[in-house]
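Below: the structure, in structure tokens.
The values are calculated or read from the model by the stated rules, or taken from the named source; none is laboratory data. Worth saying up front: this structure is predicted, and the values here are computed from it rather than measured. As a convention, Cβ positions derive from the backbone with ideal geometry for all residues, glycine included, and neighbour counts pool all protein chains shown. Ligands, DNA and RNA are excluded from the accessible area calculation, which covers all protein heavy atoms including side chains. Shrake-Rupley method; radii C 1.70, N 1.55, O 1.52, S 1.80 Å.
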Amino acid sequence: MPAACESVLEDIEDIVSAEDLKPRDRQFVRRNVFPKVRKRNSQKNVQTDDEPPSDSIIPGVQKIWIRTWGCSHNNSDGEYMAGQLAAYGYKITDNSAEADLWLLNSCTVKNPAEDHFRNSIKKAQEGKKKVVLAGCVPQAQPRQEYLKGLSIIGVQQIDRVVEVVEETIKGHSVRLLGQKKNNGKRLGGARLDLPKIRKNPLIEIISINTGCLNACTYCKTKHARGDLASYPVEELVDRAKQSFQEGVCEIWLTSEDTGAYGRDIGTDLPTLLWKLVEVIPEGAMLRLGMTNPPYILEHLEEMAKILNHPRVYAFLHIPVQSASDSVLMDMKREYCVADFKQVVDFLKEKVPGITIATDIICGFPGETDEDFQETMKLVELYRFPSLFINQFYPRPGTPAAKMPQVPAAVKKQRTKDLSQLFHSYNPYDHKVGERQRVLVTEESFDSNYYVAHNPFYEQVLVPKDPLLMGKMVEVNIYEAGKHFMKGQPVSDARVHTASISRPLAKGEVSGLTEEFRRSPQNGTNWKAQPSAEIPVKTQLSSWMALQLPWQQEGGGLKILSVGLALLAVLVMFYYGGMKIEL
């Protein structure tokens, strides 16, 4: 579309302004209306390579390939988008080549992740694929040159992915980047009961909040996810119940900082966890996601009790990032090394055998050799069984990107030195010969084993016996590696099945209501209605949108008023001196 025809519409109110002609004035300007005439091919039976006009394309029948980078929160968003698209009738495919549209769900934590994202966009365009972008990269910097003209679905707008995909397939550019609010208060995001396709039908990822309370100088995710916004306890418990009813046996709680959960809505993490453990069936487990030291410090006693619960993994991911207080201050991490040690020491004492995972950034601006040696000493002291080592990458737009940088060679060497230290010890050798209870949930990358986890969320590889999948069994540990153990099931041990419900099949849509299931075509028996709100940035996209069942909230008057507004707009365009080309 020519640049002169491009319009950016944030909401229906943006279409009509005080300067526009009133309906009674339209009759005097009708001579300025120039209908666009579609030229016909004078030669019969001659086919052209031109794409069909957008109004001849039927949305809801195309194949869509979804690629997600990044954290568990991002993966959960990707599962929700896949579920809604499949429920609407689109076919989700694993074959990118056969797909009509690529949905690319990005991560902005590191430069390499964004590079992969950018390269995928280029590859899609070279392959003449329609493209919709999602995730933290376009949310944080939607005006980057390589995103120009492409459709974007914001991290809090994933419940409207069908609208965005539909308009993109028609040839329009759509951008939804707004925040979810209720009475002016920011919400945790889209509803938790949306249709979803779980990557692993046995594992449910629940985002308990979005955003955080920190302002780390190196973090780009804050630009995308914003400040803390938590889901209510009852909604999270209901989501867990639904998951168990669909055969899920393991729940992951995730967010940018689970420890900060509830501070914006008058509750806290222990309150949520105690409510959740009440609904976890025998044979199922809950894994808690990452928490920063400042917020977990206030709840150490309660957290120790919860992590000792038989249906909660004795596992906690607590990023330290550096063992130098001066570096932590430059990072604005809001804690000191002593705080981190207090958390780890207390939990190790009160939760015997607990697994503490942590993150470390090598080569942060201003990090000296002495600072780095403090970090090496910390790793040597605790010998973390799970350690995520990250070479520092300056992310555009962050304060850390403007700081004096550590030379690249020094960053690389420090990363190498820390990796060597991490691989110098084997955390599981002493466990050979133990009898452990494990929950089997997935297949190993090499497809030679099934992957299970013991009560400390340590990885145990077991034989590929289909009868074990989704079950809690006892095994004898006979071998240990750096990142795993191998176990042989005990023949006389009891096998626990987490749920009486059959797990959903791979690719099956979760959360479909009976209304959906009675539908004649992968959707529902609902009829097309005017959408209650259409804040789409589009090259003047279609004025009517299907309102999906999970978006319907019964606002009859609201729909009527918007319908009248849409009618007024159509009249305006018919009588007004405007020439529109889609």
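Things worth noting here:
- Any hit, segment 371-381, residues being surrounded by fewer than 17 Cβ atoms within 10 Å (Cβ to Cβ), farther than 29 Å from Y313 by Cα and not acidic (D, E): yes
- Residue check, P365 outside the structural domain of P138 (by the TED database), open to solvent by 60 Å² or more (accessible area, probe 1.4 Å) and not small (G, A, S): no
Yes/no matrix, rows are residues, columns are (1) over 30 Å from V279 (Cβ atoms); (2) touching a Ser or Thr at 6+ places or on another chain (Cβ under 7 Å); (3) surrounded by 20 or more Cβ atoms within 10 Å (Cβ to Cβ):
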residue	(1), (2), (3)
Y313	no, no, yes
Q342	yes, no, no
K348	no, no, no
T355	no, yes, yes
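- Of all residue pairs spaced 6 or more apart or on separate chains, those with beta-carbon atoms under 9 Å, a first member in segment 441-467 that is farther than 14 Å from T355 by Cα and a second member that is basic (K, R) and open to solvent by 60 Å² or more (accessible area, probe 1.4 Å) are E443/K464; S444/K464; S447/K464; N448/K464; Y449/K464; Y450/K464.
- Each residue in segment 358-379 was checked for being under 13 Å from D325 (Cα atoms), under 32 Å from the mean Cα position of the chain (by Cα) and among the β-branched types (V, I, T), and 1 pass.
- Of the numbered criteria (1) outside any helix (DSSP H, G or I); (2) over 25 Å from C71 (Cβ atoms); (3) not polar (S, T, N, Q), the one K305 fails is (1).
- The residues listed here are N95, N119, N75; of these, the one that is within 18 Å of P195 (Cα to Cα) and modelled with pLDDT of 90 or more is N75.
- Matching residues in segment 194-212 - criterion: being open to solvent by 10 Å² or more (accessible area, probe 1.4 Å) and under 17 Å from T398 (Cβ atoms): C212
- Filter result (part of a strand (DSSP E or B) and either open to solvent by 10 Å² or more (accessible area, probe 1.4 Å) or of a type in the set (K, R) (or both)) within segment 103-130: K130
- Qualifying residue in segment 52-62 (condition: touching a helix residue (DSSP H, G or I) at 6+ places or on another chain (Cβ under 6 Å), not assigned by the TED database to the domain that holds C219 and not in a loop (DSSP other than H, G, I, E, B)): no
- Number of residues in segment 437-459 that are within 27 Å of the chain's Cα centre (by Cα), open to solvent by less than 20 Å² (accessible area, probe 1.4 Å) and of a type outside the set (D, E) equals 8.
- Scanning segment 201-252 for residues that are among the basic types (K, R) and within 17 Å of the chain's Cα centre (by Cα) turns up K220, K222, R225, R239.
- Subset tally (residues that are in a loop (DSSP other than H, G, I, E, B) and either small (G, A, S) or surrounded by 17 or more Cβ atoms within 10 Å (Cβ to Cβ) (or both)) for segment 407-426: 1
- Complete set of residues in segment 226-246 that are in contact with a helix residue (DSSP H, G or I) (Cβ under 7 Å, 6 or more places away or on another chain) and not in a loop (DSSP other than H, G, I, E, B): V233, L236, V237, A240
- Of all the residues in segment 481-507, those that are open to solvent by 50 Å² or more (accessible area, probe 1.4 Å) and modelled with pLDDT under 85 number 5.
- Within segment 325-337, residues that are within 13 Å of E374 (Cβ to Cβ) have Cβ atoms under 6 Å from residues that are assigned to a loop (DSSP other than H, G, I, E, B) in these pairs: D325/C336; V327/F364; V327/E367; L328/S322; V337/A323, counting only partners at least 6 apart in sequence or on another chain.
- Candidates L273, L300 - the one that is within 24 Å of the chain's Cα centre (by Cα), open to solvent by less than 30 Å² (accessible area, probe 1.4 Å) and either under 21 Å from F346 (Cβ atoms) or touching a residue at least 12 places away in the same chain (Cβ under 8 Å) (or both): L273
- Long-range neighbours under 6 Å by Cβ, at least six apart or interchain, first residue modelled with pLDDT of 95 or more within segment 406-432, second open to solvent by 80 Å² or more (accessible area, probe 1.4 Å): Y425/R383
- Within segment 201-220, one or more residues are assigned to a loop (DSSP other than H, G, I, E, B) and at positive phi.
- Exactly one residue among P404, P396 is exposed (fewer than 15 other Cβ atoms within 10 Å of the Cβ) and closer than 20 Å to C107 by Cα, and that residue is P396.
- Of the numbered criteria (1) farther than 25 Å from A505 by Cα; (2) open to solvent by 20 Å² or more (accessible area, probe 1.4 Å); (3) of a type in the set (D, E, K, R); (4) in contact (Cβ under 8 Å) with a residue 60 or more places away in the chain, the one E234 fails is (4).
- Restricting attention to segment 460-475, the residues being in contact with a Gly (Cβ under 6 Å, 6 or more places away or on another chain) and either over 14 Å from A284 (Cβ atoms) or open to solvent by 60 Å² or more (accessible area, probe 1.4 Å) (or both) number 3.
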